[in-house]
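Worksheet: the structure to be examined is printed underneath.
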C-alpha cells in the first residue's frame with residue numbers, strides 16, 4: 001500500500017555530489033522473505049548500501065545485514081532514520097559502517113564522495129555522521145537544517161507508485177512537545193510554498209488515489225495551512241489528500257474554507273490521545289479539548305471530509321476506567337474512524353527516558369509497546385487489545401455500522417463494553433470475513449433485548465453497503481424464489497442486471513439491494529435501497 005519517501009529524498013540528494021554515483025532504489029516490505037530481499041540487493045552488486053530504519057523494519061534488518069555482509073564483505077553500510085538516530089551503538093555493533101543522526105540530505109552526498117575518493121579525513125567534520133573510531137564511538141552533532149527539501153518525485157519514483165499511497169512532506173519537526181513523539185519540541189522547518197504547490201500538482205496528476213502529508217502537525221502554521229488547503233480544494237483532481245492536524249487550532253475562517261472542499265478530497269486525522277487531563281499533562285500534550293470537539297462536530301455536520309481521531313492506551317495515570325471514559329467520549333463524537341493505538345516507548349522520546357521513574361514496563365524489541373504500568377495491569381492490556389481488535393474489524397472498516405447502532409440502543413451497553421465483548425469472540429487476524437460475520441451475529445443476538453431478526457437485517461444491509469460483491473454468509477441470507485424476485489425488482493429499478501450478491505431479502509419481507517456504482521466518496525459506503533415489499 002505504501003511507498004518509502006526517505007530513500008527517494010536521499011537518492012535525489014546524491015545529484016548534488018561532487019563525484020558521479022550510480023544510485024539504485026530498492027523498495028521491499030516486511031512481509032517479504034529475507035532471502036528475497038538479500039537477492040534483490042545482491043543483483044546490483046553495490047559498494048555502499050544505505051538503509052532507512054524504522055520500528056517496523058528494525059527486527060528484520062540485523063539478519064539481512066549479516067547475510068549481505070557474508071556476500072559483500074567490502075560493502076559499506078550507511079543507516080539512517082528514526083530507529084537508529086537514538087540507538088547508535090547498537091546499529092554500529094550490528095554491522096553499520098556509519099549511522100546518520102537526524103536529517104541526511106546534506107551529509108549523505110558528502111560521505112559518498114569521501115568513500116568513492118578513498119579519503120575520509122574530514123569525516124569528523126561531517127554533521128550527523130556517527131562511526132567507530134578505535135574503541136570509541138564518534139558522534140558528530142547534526143546542526144544542519146535543510147533550507148529546502150530535496151525533490152523525490154522523479155519519473156522513476158512515479159513509476160513505482162502504480163496506485164500505491166504516496167507521501168508528501170512540506171514541513172519537518174513540530175513546535176509541540178508531546179513526550180511520546182520523536183518530533184516533540186524539534187525545530188520546525190518548511191519547504192517553500194512554491195515547491196510545495198508544485199509537488200502537490202505533480203502528485204495529483206500521477207494517478208495515485210491518496211496523497212498523505214507526513215507533516216507532524218500540518219496546521220501548526222495556520223496561514224500556511226490555509227494557503228495549501230485552498231490550493232488543494234481548487235485542484236481539478238480525484239485524489240484524496242490526508243493530513244495530520246490539531247483540531248483545536250482551526251478557527252472559523254479555516255472551517256469555512258474546509259466546508260468548500262469537494263466531498264472526499266480531504267481526510268483529516270486528529271490525535272485526541274485522551275480526555276483524561278492528568279495523562280495529557282504528564283506527556284506534555286497541550287490540546288483544548290472543548291475546542292477540538294466543537295470543531296470536529298462542525299466538520300462532521302457538513303459531511304464532506306473524512307475524519308479520523310486517535311486515542312493512545314497506556315498513557316501515565318490513565319487507569320482502565322479512565323480510558324473507558326475517553327473511549328466512550330471519543331466514540332460518541334461520531335468520527336468515521338477511531339484509532340485505538342498503544343503507547344510505544346521510542347528511542348529518543350522523553351517518555352522512554354521517564355519510563356523507569358513512572359514504572360512503565362515495555363517490550364525491549366520494536367515497536368517497544370507498553371506491557372503494563374502502575375495504572376494498567378497485563379490483564380487490563382488484554383482487555384484493551386480485545387477492544388481494539390473488534391473496533392478495527394468492524395467500525396473502522398465501515399462494517400456493521402447500523403448493527404452497532406442498534407446494539408447500543410437496546411442492550412444498555414456503552415461502546416467500550418460492546419467492543420470489548422465483541423473482541424473476545426475472535427481475533428482480529430486470520431478469521432475470514434464470512435466466518436467473523438457469523439461469529440458476530442451469534443454473539444450479538446445473545447445480548448440482552450436483542451431481536452435476532454432485526455439484528456440480522458441490520459447486518460445484511462451493512463454488508464451490502466460496505467463490501468462490494470462479497471457474499472453474505474449462507475446462514476443469514478434467504479435464497480430461493482424470494483431472492484430471485486429481489487433481483488428482478490432491482491433489475492427493473494436500475495435498468496440493468498445486478499450481481500446476485502448485491503440483493504437480499506429481509507425478515508420483514510422487504511427487499512434490499514445496493515447500487516454498487518454509487519460509492520460515497522467520504523465514507524466509502526454504497527447506496528442501498530430497502531423500500532420494496534413482497
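Residues that are out of contact with any helix residue (DSSP H, G or I) (no Cβ under 6 Å at 6 or more places or on another chain) and under 29 Å from residue 224 (Cα atoms), at least 2 per element: which strands (runs of 3 or more DSSP E) completely within the stretch 236-342 meet that?
Once the strands (runs of 3 or more DSSP E) in the stretch 236-342 are filtered for at least 2 residues that are out of contact with any helix residue (DSSP H, G or I) (no Cβ under 6 Å at 6 or more places or on another chain) and under 29 Å from residue 224 (Cα atoms), what remains is 240-245, 266-273, 306-313.
Could you check, for the stretch 297-305, whether at least one of its residues is under 19 Å from residue 217 (Cβ atoms) and touching a residue at least 24 places away in the same chain (Cβ under 8 Å)?
yes
Being in contact with a helix residue (DSSP H, G or I) (Cβ under 7 Å, 6 or more places away or on another chain) and in contact (Cβ under 8 Å) with a residue 40 or more places away in the chain is the filter here, so list the residues in the stretch 468-498 that pass it.
469
Yes or no: residue 501 touching a residue at least 12 places away in the same chain (Cβ under 8 Å), farther than 30 Å from residue 385 by Cβ and out of contact with any strand residue (DSSP E or B) (no Cβ under 8 Å at 6 or more places or on another chain)?
Against the criterion (touching a residue at least 12 places away in the same chain (Cβ under 8 Å), farther than 30 Å from residue 385 by Cβ and out of contact with any strand residue (DSSP E or B) (no Cβ under 8 Å at 6 or more places or on another chain)), residue 501 qualifies.
I'm told residue 171 meets every condition in (1) modelled with pLDDT under 95; (2) surrounded by 20 or more Cβ atoms within 10 Å (Cβ to Cβ); (3) within 19 Å of residue 51 (Cα to Cα) except one. Can you identify the failing condition by its number?
(3)
For the stretch 92-100, state whether one or more residues are farther than 30 Å from residue 180 by Cα, assigned to a helix (DSSP H, G or I) and in contact with a strand residue (DSSP E or B) (Cβ under 7 Å, 6 or more places away or on another chain).
Scanning the stretch 92-100 turns up no residue that is farther than 30 Å from residue 180 by Cα, assigned to a helix (DSSP H, G or I) and in contact with a strand residue (DSSP E or B) (Cβ under 7 Å, 6 or more places away or on another chain).
State the number of residues belonging to the stretch 16-63 that are without any contact (Cβ under 8 Å) to a residue 24 or more places away in the chain and in a helix (DSSP H, G or I).
3
In this structure, does residue 59 turn out to be assigned by TED's automatic domain parsing to the domain that holds residue 99 and touching a helix residue (DSSP H, G or I) at 6+ places or on another chain (Cβ under 6 Å)?
When the stated conditions are applied, residue 59 does not pass them.
Among the residues of the stretch 104-126, what is the count of those that are surrounded by fewer than 18 Cβ atoms within 10 Å (Cβ to Cβ) and part of a loop (DSSP other than H, G, I, E, B)?
6
If you take just the helices (runs of 4 or more DSSP H) that sit entirely in the stretch 425-512, which of them hold at least 3 residues that are over 18 Å from residue 401 (Cα atoms) and modelled with pLDDT of 85 or more?
Once the helices (runs of 4 or more DSSP H) in the stretch 425-512 are filtered for at least 3 residues that are over 18 Å from residue 401 (Cα atoms) and modelled with pLDDT of 85 or more, what remains is 481-494.
The values are calculated or read from the model by the stated rules, or taken from the named source; none is laboratory data. Please read these numbers as outputs of a predicted model, since none were measured by experiment. We place every Cβ from the backbone using ideal geometry, glycine too, and count neighbours over all the protein chains shown.
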